[in-house]
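**Student:** Below is the structure I would like to discuss, written out as structure tokens.
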Amino acid sequence: MKALALIACLWAPAAFATAEPIQPIPMTLREDAARAALGRLLFNDPRLSGNGKVSCASCHSLSHGGGDGRARSAGFNGQLTLTNAPTVLNAALNFKQFWNGSADSLEAQVDQVVQNPVEMGSRWEDVVAKVAADPGYRSAFAVSYRDGVTRANIQQSIATFERTLTTPNSRFDLYLRGDSAALSAAEKAGYAKFKHFGCVSCHQGVNVGGNMFQKFGVMGEYLQKRANPSRSDLGRYLVTGLEADRYVFKVPSLRNVALTAPYFHDGSVATLEEAVEVMFRYQLGRVATREDTESIVKFLGTLTGRPAAQPWP
Amino acid sequence: MKGRTGWVPVTAAVAALLCALGLAYEWSRALGESDYLENVAALRQLKQLDARWELDVLKSRIGINVHYDPLAASQSGIASGARALGAALGAGRHDDTAELRAGLDRLNAAIVRKIALVERFKSGNSVLRNSMVFLPTAADDAQQALLGERATVARRLAVELNEVLLASLLYSNGATEERGAETLARLASVESVAKPLSAPTVERIDIFAAHVRTVIREQRGVDALLAEIAAVDTAASIDEIGNRLGREQRRAEERNREYREYLLVFAAVLLAAMLYLAVQLTRSHAVINRVNRELQVANGSLEQRVQERTREVEDRTAELTRANASLQGEIAEREQLQGQLVQSEKLASIGQLAAGVAHEINNPVGYVSSNFSSLEGYLANLFEVLAAYEAAEPAIGDGEIRGRLASLKSRVELDFLKDDIPSLMRESREGLTRVSKIVSDLKDFSHVDAQPEWHPTNLQQCIESTLNVVNNEVKYKADVAREYGILPEVECVASQISQVVMNLVVNAAHAIGPERGLITIRTGADLHNAWIEVADNGSGIPEASLARIFDPFYTTKPIGKGTGLGLSLSYGIVQKHNGNITVQTAVGRGTTFRVTLPIVQAGLAEAA
């Protein structure tokens, strides 16, 4: 009988772990350290923009949770971007990039942003020329890439750096890896509600989202009935042109969400509580009590982590 | 004469045959059998990925997969697999490129279509699962509200509501049009009957109704999507490409067989020609050896080629050379590593020894030096007493005693003793100090009591403070020039790096001869490493010593001037920092030591 109980004890956590809809972020990175170091320089280099004023880090600041804290970001000449800047932290774990998923890879994301007439307003010929004119870059590229400074290599090294920006040590990851004391009782209760109320049917997987598309307003029209409609509200429709993709967005990752206010594709909601309430009403088709919202916000706070950029092989 | 005339046509024939042989060989090689096998493997893998993808869709549908990461992974896997296949097929030579391209286009279109369907499936499935899970709760909420209603319809509504709930749940197990329509109709009647009830009750019934509609709508949608996904002909497109490649390969084999026959015929004719030449040439003794050699060489290569084609052995020479080169590289690397290993082994064993010796010596040295202090005090007292006795000497009345004392003093050379004892004491004290210094160096060397603290450090400040410490040692011998570059902060144990700089600067000062010299300190950095250089224009290091300068206890300084530990200590420190220390020297012109340190220590967590 004792043995049986023991077996049950051993079994339970294992069964529990496999059934979790959210998975911990892998602790090890398999990225080339030299290329990532080069990418870090480029990521912080304003020469990538048309007038030398903004770098990737301007809108994706690591001290601001990988975003910039603004509803919409200011591009190279001060014009506002169409959507809220999503965090660069854990972006590597998203199945596509941008709110409407128009880039299949981080490389493609870099490609688009550099040329975007509002964002960095640059031309790749110019970027390649500027980078190749810098002897430091030239020698670093010569070490990392057989063909030296090229458009593809610039994109690849920035993307490599970004792939090192995962945050595998959030308290929730510790909890998922078996450290039950990493979460308080209230936070565990929040996670239970997050699962029970159905948030987890879209915000799941290793990135707590970021692996599927969903319509904003499944259980009630939200964007349609709002004041000041914007073109960016059309979401994935702008990529595919399909009627079914109207108001459809990539489900954003909720990792580090406590650091990345304001929320939604247009940064229209200032607090996490408000965002959770909108989700309840329009995605889950139910009304949240104050208590439920607060409990879930507590859980979301445990998803905050810092990039552990070191353990490169 | 006959031999001469036979030469030309036969040589021409041989040359022509060799050309034909080479051509046939080239043709048969161009068919690329390995390409075919690789492509077939890629196709098979793609098919397997496709099957797993469909399986993951089903697993998500029935809830075995509780998140979509596997689906997203297979999706990007199959997309990149198809891209790679396209690139491989585009690069190879094919009989009918257009047809193959059309097949690939069909496959890519199928994959794109399937990806779009799967994306819609994921969205719909999430909504469906959410509503399915929530439905009983929504029904329960509505029932609770109905309990509070007085109207008689409330009880009937409660029963109706339960039936709708049951019908909706059943619908998910066997969705038919009629059942769906029926459920919706009953739902509509529930809603119309509920209209006169209180607003909160109506709201709860509305929420319930919304989820019932969602379940029925999404169930239909998801089932339709599953059918569409299954109908996308990715597998068929893959098979079609496979069949096409198979036919192409069979044709290629056919041709290959032909070429092989040509090769055999050519080879036979060539042999006959060789034989003829051999017979011709036996007549001439002078040329027979040379021709024999040629024959052997030609024969050898011919046999080799024939064998190669008949056995269809791949030509792997290039690969072997590569492997060989990398083996050579590895051997060289291993030799280098072995050298490094020997050096660090030496240091480690000396370190252990030193730690033990330092401990053993430290104790006796401790009490010797404390006893020594007492002894100095006692001696001073004794001298004082002696002086008092001497002062009292004239007061002794007895001449005989005075005479004995004088003769005793001269026998033991008291005046000399008084002079010599203090200088003996001084020398012994110096000796003791040197012993303690060596023991403390030994301890530093073995790091017995070092608790290293790693911090991002400004190397320039570190160098400047060290220069202050050793100023005394340097200022009469050399000027110090500074050429600092731009440096990031370097993760290191600052006290240890100071010690390295100190050793290098002091060594540089010692290397400078009687004329005033110059010590130059330079710094700089690249992407990953920072470096410090200490250069002097002193005597340089002779070739014979160069190999030993990092060995413990090796010194060229006069006995008593150096312990021989400075450089080996520095070497150990730099090695612990995962850096390296290199030396450039020219006898009579000076020496430059260069210490290279990684900016970030792998293994220590970096704050972002």
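The values are calculated or read from the model by the stated rules, or taken from the named source; none is laboratory data. In this text, all values refer to a predicted model and were calculated from it rather than measured experimentally. Here the Cβ is made from the backbone with ideal geometry for all residues, glycine too, and neighbour counts use every protein chain on show. When the accessible area is computed, the model is the full protein with side chains, heavy atoms only, and any ligands, DNA or RNA have been set aside. Shrake-Rupley method; radii C 1.70, N 1.55, O 1.52, S 1.80 Å.
**Student:** Over the whole of B:130-138, what's the average partner chain Cβ count within 10 Å per residue? Rounded to a whole number, please.
**Tutor:** Mean partner shielding for this stretch: 4.
**Student:** Round to the nearest 0.05 the FRET efficiency obtained for residue B:414 and residue B:436 when R0 = 45 Å and r is the Cβ-Cβ distance.
**Tutor:** So the FRET efficiency works out to roughly 0.85.
**Student:** Just the accessible area for residue B:425, please: 1.4 Å probe, Å², rounded to the nearest 10?
**Tutor:** Approximately 20 Å² for this residue.
**Student:** Just read off the accessible area of residue B:583 with the full protein assembly in place, 1.4 Å probe, to the nearest 10 Å².
**Tutor:** Ignoring ligands and nucleic acids, residue B:583 comes out at about 40 Å².
**Student:** Modelled label-to-label distance, residue A:123 and residue B:516, 7 Å Cα→beta-carbon offset: nm?
**Tutor:** So the two model labels end up 6.0 nm from each other.
**Student:** Subtracting the Cα-Cα distance from 0.36 nm times the residue separation, let me have the gained length for residue B:369 to residue B:223 in nm, one decimal.
**Tutor:** 43.2 nm
**Student:** Around residue A:105, under 11 Å between beta carbons, what's the net of Lys plus Arg minus Asp minus Glu among the other residues?
**Tutor:** -2
**Student:** Search the structure for amide H atoms under 5 Å from the amide H of residue B:518, placed 1.01 Å from N in the peptide plane, and list their residues when 5 or more places away or on another chain.
**Tutor:** Residues meeting the amide H criterion: B:479, B:537.
**Student:** Decide, for segment A:137-238, between rounded, prolate and oblate: order the square roots of the alpha carbon gyration tensor eigenvalues as a ≥ b ≥ c, take rounded if a/c falls under 1.5, and otherwise choose prolate if a/b is larger than b/c, else oblate.
**Tutor:** Note, shape of segment A:137-238 comes out oblate.
**Student:** Can I ask one more? What shape does chain B take by its C-alpha gyration tensor, where a ≥ b ≥ c are the square roots of the eigenvalues and a/c under 1.5 counts as rounded, a/b above b/c as prolate, and the rest as oblate?
**Tutor:** Because a/c hits 1.5 or more and a/b fails to exceed b/c, chain B counts as oblate.
**Student:** Tally Lys and Arg at +1 and Asp and Glu at -1 over the other residues with C-beta under 12 Å from the C-beta of residue A:175: what net charge comes out?
**Tutor:** Local net charge: -1.
**Student:** Using helices alone, I'd like the mean residue ellipticity at 222 nm for chain B: each DSSP H run of four-plus residues gives -39500 (n - 2.57), total over residue count, nearest 500.
**Tutor:** Rounded to the nearest 500, it is -26500 deg cm²/dmol.
**Student:** Trypsin sites (Lys or Arg not before Pro) within segment B:119-207: which are DSSP loop residues with at most 12 other Cβ atoms inside 10 Å?
**Tutor:** B:150
**Student:** As an exercise, use a Förster radius of 60 Å and the Cβ-Cβ distance of residue B:254 and residue A:226 to find the FRET efficiency, rounded to the nearest 0.05.
**Tutor:** 0.30
**Student:** Now for a separate question. In segment A:184-263, which chymotrypsin sites (Phe, Trp or Tyr not before Pro) are in a loop and have at most 10 other Cβ atoms within 10 Å, using DSSP for the loop call?
**Tutor:** Of the chymotrypsin sites (Phe, Trp or Tyr not before Pro), not one in the loops of segment A:184-263 has a Cβ with at most 10 other Cβ atoms within 10 Å.
**Student:** Continuing with the same structure: With a cut-off of at most 16 other beta carbons within 10 Å, and DSSP calling the residue loop, which GluC sites (Glu not before Pro) in segment A:102-140 qualify? Please list them.
**Tutor:** none
**Student:** Turning to a different aspect of this structure: Stick to Cα atoms and the Kirkwood definition of Rh, then tell me Rg/Rh for the protein assembly as shown.
**Tutor:** 1.16
**Student:** Between residue B:199 and residue A:196, how high is the FRET efficiency from 1/(1 + (r/R0)^6) when r is the Cβ-Cβ distance and R₀ = 25 Å? Nearest 0.05.
**Tutor:** Efficiency, rounded to the nearest 0.05: 0.40.
**Student:** What is the set of long-range amide H partners of residue A:66 at a cut-off below 5 Å, with H atoms built 1.01 Å from backbone N?
**Tutor:** Here A:61 satisfy the definition.
**Student:** What is the distance, in nm, between label points placed 7 Å from the Cα along the Cα-to-Cβ direction at residue B:400 and at residue B:460?
**Tutor:** Taking the simple label geometry, residue B:400 and residue B:460 are separated by 8.9 nm.
**Student:** If each residue of separation counts as 0.36 nm, what is the full-extension length gain between residue B:583 and residue B:236 once their alpha-carbon separation is subtracted?
**Tutor:** Here the segment from residue B:583 to residue B:236 would lengthen by 118.2 nm.
**Student:** Something else about it: Using a 1.4 Å probe on the protein heavy atoms only, what accessible surface does residue B:528 show? Give it in Å² to the nearest 10.
**Tutor:** Counting only protein heavy atoms, residue B:528 exposes about 70 Å² to solvent.
**Student:** Please compute the length gained on full extension between residue B:529 and residue B:387, using 0.36 nm multiplied by the number of residues separating them and subtracting their Cα-Cα distance.
**Tutor:** 44.2 nm is the gain from fully extending residue B:529 to residue B:387.
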